[in-house]
Amino acid sequence: MPRLKTDNPPSSSSPDIGTLHKSYVIPVLLSAIEIMDALRESSYGYTHEELCRQVALPKSTVFRLLQTLTHRGYAIRTAEKRYYYAGIQRRKLRFGVICGEIGDQTAQDFR
């Protein structure tokens, strides 16, 4: 997965995602988003080890982030096979973004 460029100084206009100053970026949040993106893109889910390889993060970091994402509903873990999938909260997050982009009236039509 591509990483954000963080070497550029902040500009006077609103920051572009590719040019954020490194002091504005929260590394653990980026790691959590990378995990969520990987889970979202997978049809079959990932084991803990597979996900570590996919996002190139240490096992302990992925474990803690998965525990947090699972606790909050952003990831789902199957007990029998130990696979992780994108959770229902991710869909709610996506719906909220869509609603913000298309306006309140259209958002009410989706309810």
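Please treat every number below as a calculation from the coordinates, not as lab data. For clarity, every value in this text was computed on a predicted model and none was experimentally measured. Using ideal geometry, Cβ is built from the backbone for each residue, glycine included, and neighbour counts are taken over all protein chains shown.
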(message) Can you report the number of residues in the stretch 62-86 which are surrounded by fewer than 16 Cβ atoms within 10 Å (Cβ to Cβ), touching a helix residue (DSSP H, G or I) at 6+ places or on another chain (Cβ under 9 Å) and not basic (K, R)?
(response) 3
(message) Could you check the stretch 35-44 and list, in sequence order, the residues that are farther than 16 Å from Q89 by Cα and crowded, with 16+ Cβ neighbours inside 10 Å?
(response) S42
